[in-house]
Amino acid sequence: MLKLAFYGKGGIGKSTTVSNLAVALAEKGLQVMQIGCDPKADSTVSHLNGKRPTAVLELIRKYNDDFVWQDMVTFGESRIACVETGGPVPGMGCAGRGIINALEKLESKGAYDAVKPDVVLYDVLGDVVCGGFAMPMREGYADRVYIITSGENMSIYAAANIAMALKNFQSRNYARLGGFILNCRNVKDEFGKVQTLADDFESSIAGIIPRSETVTAAEELHKTVLSAFPQSDTAAAYRKLAESIWE
């Protein structure tokens, strides 16, 4: 089982990238599990016709421990196993601690053993790399972390902070940096900026997703690009990224 976590600045396109990767990997005959680690619980909606599955923390609040793994996992497009950790009641509790509780519950209820995923994709909230938000980086969770960024200054800054956190975690045998994913915004010298960032951390650009209205059009249909526009150039870019990550 290959376990991958995806981080990046809020709004950089993590959920879109992860969801399209999930479909691209499923096309290869793999059983994919996508876990949204965000209180909004909307990482997997494109696999479920715009619907949100019941979040793990919501189940815990309602039923304490009286539920089964099937209550946490919803199978969507291409039998992708969709999970949302969810978050605390607004103004109460810690979202980071909630992620820890949710991921531990998936293990204790035997969800991984039952689904038997070939690959698990963690879609992690924003650029927070402390507390529970660092959980997917920890030993026993993700094997590799991919950082999604554009060439915009704030995105580069956030990506560098995440990469530095990973570097500081290496002594604890946490996940290693798999590379950077360039989600283009068509700013000046975008590739050069991200390549410099990758060089700074002795890493590489794992894939490039061109800026395209196809992504917006697919989201309006509550679908992934690979589902809505499978023959598009953008779909081909996601498939190429999946090949890079799975090789």
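Using the C-alpha gyration tensor of the range 143-247, what are the square roots of 5 times its eigenvalues, in whole angstrom, with the largest one first? Show your work: numbers first, answer last.
Values: eigenvalues 138, 54, 27 Å².
Working from the Cα gyration tensor, I get semi-axes of 26, 16, 12 Å.
State the percentage of accessible surface on the chain attributable to carbon and sulfur atoms; use a 1.4 Å probe and exclude ligands, DNA and RNA. Show your work: numbers first, answer last.
Working: 5320 of 11090 Å².
Here it works out to 48 percent.
Counting charges near E27 (Lys, Arg +1; Asp, Glu -1) among other residues having Cβ under 12 Å from its Cβ returns a value of +1. Could you list, bin by bin from short to long, the percent of Cα-Cα pairs of the chain in 5 Å steps? Using 5 Å bins, I get a P(r) of 1, 7, 15, 19, 21, 17, 12, 6, 2, 0, 0 for the chain. Placing +1 on each Lys and Arg Cβ and -1 on each Asp and Glu Cβ, with no other charges, gives the range 147-247 a dipole about its Cα centre of roughly 240 debye. Can you tell me the dipole magnitude for the chain around its Cα centre, using point charges on the Cβ only (Lys, Arg +1; Asp, Glu -1), in Debye to the nearest 20? It works out to roughly 200 debye. Would you work out if the range 147-186 is rounded, prolate or oblate? Take a ≥ b ≥ c from the square roots of the eigenvalues of the alpha-carbon gyration tensor; rounded if a/c is under 1.5, else prolate when a/b is larger than b/c, oblate otherwise. Because a/c hits 1.5 or more and a/b fails to exceed b/c, the range 147-186 counts as oblate.
Answer with one residue from I80, L30, S232: the one whose Cα lies farthest towards the positive end of the charge dipole of the chain, charges on Cβ with Lys, Arg +1 and Asp, Glu -1. Value: I80. Cα centroid separation, the range 164-208 to the range 1-61: 21 Å.
How big is the dipole moment of the range 1-79 about its Cα centre under a simple scheme where the beta carbon of each Lys and Arg is +1, that of each Asp and Glu is -1, and everything else is neutral? Debye, nearest 20, please.
That gives the range 1-79 a dipole magnitude of about 240 debye.
For the range 144-247, the solvent-accessible area of protein heavy atoms averages 52 Å² per residue (probe radius 1.4 Å; ligands and nucleic acids excluded).
The values are calculated or read from the model by the stated rules, or taken from the named source; none is laboratory data. Quick caveat, the model's predicted, so the values are computed rather than measured. Note that each Cβ is placed from the backbone with ideal geometry, even for glycine, and that neighbours are counted across all protein chains shown. Areas reflect the complete protein model, heavy atoms only, side chains present, ligands, DNA and RNA absent. Shrake-Rupley method; radii C 1.70, N 1.55, O 1.52, S 1.80 Å.
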